[in-house]
Amino acid sequence: MALHRKDFFGLRDLTADDIRYILSTAETMKYILNQKNKKAPHLQGKSVIILFYEQSARAKLSYELAAQHLSANVVDMTNSAHSMERESLQDMGQLVDQMGADFIILRHPMAGAARLLAECVEASVINAGDGYNENPGQSLLDLLTIKERKGSFEGLKVAIIGDLLHSRVAKSNIWGLTKLGAEVCVSGPPTFLLPGIEKFGVQVHYDVREAVNQADVILTTRMRMEAQDKTFLPSLDEYKRFFRIDHNLLRYAKEDAIVMHPGPIQRGIEISDGVIDSPQCIINDQIANSVAVRMAMFYILSQMGGALA
Amino acid sequence: MKTILKNCKLITPPFSEEKLYDIFIEGGLIADIGENLHVEDAKELDLDGHVVLPGFIDMHCNICEPGFENIEDISTVSRSAARGGFTSITCEPNTKPVIDNKTVVEYIISKSKAQASVNIYPYGSMSMGCEGTAIAEIGEMYEAGVVAISDGDEFIDSAALMRNVMRYSRMFDLPIMTHCEDRSLSGKGVMNEGYTASCLGLSGMPREAEELQVARNILLAEITGARLHIAHVSTGGSVRMVRDAKNVVCR
């Protein structure tokens, strides 16, 4: 089975079968990563353009490495941010497309940017994060990590804690987990709950202990305090007091529950030091999977669509 | 220590105003209320038909401590309250420093335990400093013991902030006491706007200064599910809106 698509925007457009296919492809990619010579010819002769309108360390690195491992040519256009601001996204896309690029990896502060770009280029567009909408790469690696630890998603109890309003990873995870049959509970400061969140098929709890009760997996989000957030949350201290994942809170979850975070993490705020350094927190596994998942995304798109078919 | 108050007139249900009752007090608590009580070793006080009432509760008091002790402090306010029959009073957050963090809450609670003869329940502020720009540390204050949140006599102009305060407070199920006054309308008014004010040549406060904000807060409370209490309602229009609203109370 294969995905007939040119681009990857997010998990909302994918079916459960699509997601399972991507995850099993990623597992195969891990074999390549475990070899001494991490090189495979899948993308030989193809070019990957990285277009990040937002800062990022981990995402950019993982896309670059993934493309390099598959023998593609990689060009990072983030330094031309100056010219990027002067040209519209469509024009930028045309520029890259006409020069014969095969893949464009786009991270942009506005929701829907990847879709907009994809409609006017022949290259395959991968959404590396668009505004508050989705981040499929991060979400798929979270799902892969969960699958490795827990086996299957059906009936798995997953708690998503924190800022759901601004977290695109949480949104993608909600789409993915609900499609795969997991039971999702969310909790966070009420000002950060997504309006209409019940329609996403998740249970909402004001008390974090109820959300975490008997959970198999706890996903946390980044809590950033920007100046304009002063009307949403009094302080990170207050977040920590009520929502931080620490040993006291973990007593409500299952004994073998795993704790995850997309990074970068603020130690002691989203998760306590004690839990971060304990074997229950598997952030390192997540990072280890980040390249494999992106390799899978490249490979699948190269088989199916865009200028490559 | 046993005491019996004899011949009391009780006007609260389920007691009848036609009869006289005796109240038996032991160890500082009311142990029994009935007609013609007799207990051995009990000191008897004849109230001769005087009325005995449950202690009153005042939900909007300015304690003035910390910060304004030249006007009033915890010990004087509790003595005034007790004299008037108020056994429980609340404390508006308009102290100095404002009650917007747990330190002030703990100060008031511990000082009240030590010096006050009545119960003093502090309110926490909705916004930092009661300035109406940033949300206050409501969770921290809830854990320290505030019973409700309020900005005293200040009004939060920003609907976005008011909405966020209401949503945030749902985590703790705290009642929200609001002073509804649009200062851009009430301005320097000293009485109700209208014929009398005009005759006297005094600036008036129009009823819309209160009613517009009552309407706004009621709507926000209905949408967010917050527990709204509207302080000192003073117009007929406000009363009508509170009556029609679901789950909103007022004073």
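The residue that is most open to solvent (accessible area, probe 1.4 Å), counting only those in the stretch A:195-241 that are among the aliphatic types (A, V, I, L, M) and within 12 Å of chain B (Cβ to nearest Cβ), is A:Ala227. Among the residues of the stretch A:25-67, those that are aliphatic (A, V, I, L, M), touching a residue at least 24 places away in the same chain (Cβ under 8 Å) and assigned to a helix (DSSP H, G or I) comprise A:Ala26, A:Met29, A:Ile32, A:Leu33, A:Ala59, A:Leu65, A:Ala66, A:Ala67. The residues listed here are A:Ile276, A:Ile258; of these, the one that is away from chain B (no Cβ under 14 Å) and crowded, with 19+ Cβ neighbours inside 10 Å is A:Ile258. Within the stretch A:136-152, being buried (at least 23 other Cβ atoms within 10 Å of the Cβ) and either more than 25 Å from A:Lys60 (Cα to Cα) or in contact with a Gly (Cβ under 7 Å, 6 or more places away or on another chain) (or both) holds for A:Pro136, A:Ser139, A:Leu143. If only residues of the stretch B:117-127 that are of a type in the set (Ser, Thr, Tyr) and assigned to a loop (DSSP other than H, G, I, E, B) are counted, the one that is nearest to the other protein chains (Cβ to nearest Cβ) is B:Ser125.
The rows are residues; the columns are (1) closer than 24 Å to B:Arg79 by Cβ; (2) polar (S, T, N, Q); (3) loosely packed, with under 13 Cβ neighbours inside 10 Å.
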| residue | (1), (2), (3) |
| --- | --- |
| B:Met1 | yes, no, yes |
| B:Asn7 | no, yes, no |
| B:Thr12 | no, yes, yes |
| B:Ser16 | no, yes, yes |
| B:Asp22 | no, no, no |
| B:Leu37 | no, no, no |
| B:Asp41 | no, no, yes |
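Screening A:Ala111 against (1) open to solvent by 50 Å² or more (accessible area, probe 1.4 Å); (2) within 29 Å of A:Asp246 (Cβ to Cβ); (3) in contact with an Asp or Glu (Cβ under 7 Å, 6 or more places away or on another chain) leaves a single unmet condition, (2). Filtering the stretch A:177-194 to residues that are in contact with a Gly (Cβ under 8 Å, 6 or more places away or on another chain), more than 13 Å from A:Ile218 (Cβ to Cβ) and within 13 Å of chain B (Cβ to nearest Cβ) leaves only A:Phe192.
What are the residues in the stretch A:86-107 that are at pLDDT below 90, among the aliphatic types (A, V, I, L, M) and over 26 Å from the mean Cα position of the chain (by Cα), if any? Correct list: A:Leu95 only. The residue of the stretch B:132-158 that is nearest to the other protein chains (Cβ to nearest Cβ), among those that are over 18 Å from B:Cys91 (Cα atoms) and open to solvent by 10 Å² or more (accessible area, probe 1.4 Å), is B:Ala134. Picking from residues in the stretch B:1-42 that are within 24 Å of B:Val118 (Cβ to Cβ) and hydroxyl-bearing (Ser, Thr, Tyr), the one that is farthest from the chain's Cα centre (by Cα) is B:Thr3. Kindly indicate the residue of the stretch B:199-251 that is outside any strand (DSSP E or B) and touching a His at 6+ places or on another chain (Cβ under 8 Å) and also modelled with the lowest pLDDT among those meeting that condition. Among those that are outside any strand (DSSP E or B) and touching a His at 6+ places or on another chain (Cβ under 8 Å), it is B:Arg251.
Scanning the stretch A:151-180 for residues that are farther than 20 Å from A:Tyr252 by Cβ, out of contact with any helix residue (DSSP H, G or I) (no Cβ under 9 Å at 6 or more places or on another chain) and either touching a residue at least 40 places away in the same chain (Cβ under 8 Å) or among the polar types (S, T, N, Q) (or both) yields a count of 1. Taking (1) open to solvent by 40 Å² or more (accessible area, probe 1.4 Å); (2) assigned to a loop (DSSP other than H, G, I, E, B) in turn, B:Ala114 satisfies each apart from (2). When restricted to residues that are within 14 Å of chain A (Cβ to nearest Cβ) and either in contact with a helix residue (DSSP H, G or I) (Cβ under 7 Å, 6 or more places away or on another chain) or at pLDDT below 90 (or both), the stretch B:159-191 contains 16. Selection of the stretch A:7-53 for residues being in contact with a strand residue (DSSP E or B) (Cβ under 6 Å, 6 or more places away or on another chain), open to solvent by 20 Å² or more (accessible area, probe 1.4 Å) and closer than 29 Å to A:Lys179 by Cα yields only A:Phe9. Hey, can you tell me all the residues within the stretch B:16-27 that are in contact (Cβ under 8 Å) with a residue 24 or more places away in the chain and assigned to a loop (DSSP other than H, G, I, E, B)? Matches in the stretch B:16-27: B:Leu20, B:Gly27. For the stretch A:54-77, a residue qualifies if it is farther than 11 Å from A:Ile105 by Cα and surrounded by fewer than 18 Cβ atoms within 10 Å (Cβ to Cβ), and the qualifying residues are A:Glu54, A:Gln55, A:Ser56, A:Ala57, A:Arg58, A:Leu61, A:Leu65, A:Gln68, A:Ser71, A:Asn73. Check A:Gln98, A:Gln94 and return the single one that is in contact with a Cys (Cβ under 8 Å, 6 or more places away or on another chain) and open to solvent by 50 Å² or more (accessible area, probe 1.4 Å). Only one candidate qualifies: A:Gln94. Suppose we filter A:Ile283, A:Ile245 for residues that are crowded, with 16+ Cβ neighbours inside 10 Å, away from chain B (no Cβ under 14 Å) and under 30 Å from A:Ile126 (Cα atoms); which single one remains? Among A:Ile283, A:Ile245, only A:Ile283 is crowded, with 16+ Cβ neighbours inside 10 Å, away from chain B (no Cβ under 14 Å) and under 30 Å from A:Ile126 (Cα atoms). Looking at the stretch A:60-70, can you tell me whether even one residue there is of a type outside the set (A, V, I, L, M, F, W, C), on the phi > 0 side of the Ramachandran plot and either modelled with pLDDT of 95 or more or within 17 Å of the chain's Cα centre (by Cα) (or both)? Checked against the condition, which is being of a type outside the set (A, V, I, L, M, F, W, C), on the phi > 0 side of the Ramachandran plot and either modelled with pLDDT of 95 or more or within 17 Å of the chain's Cα centre (by Cα) (or both), the stretch A:60-70 yields no hits at all. Among the residues of the stretch B:128-149, the one identified as within 22 Å of B:Val233 (Cβ to Cβ), at pLDDT below 95 and not in a loop (DSSP other than H, G, I, E, B) is B:Cys130.
The values are calculated or read from the model by the stated rules, or taken from the named source; none is laboratory data. All of these numbers come straight from a predicted model, not from anything done at the bench. With ideal geometry, Cβ positions are generated from the backbone for all residues, glycine too; neighbour counts draw on all protein chains shown. With ligands, DNA and RNA removed, areas are computed over all heavy atoms of the protein, side chains included. Shrake-Rupley method; radii C 1.70, N 1.55, O 1.52, S 1.80 Å.
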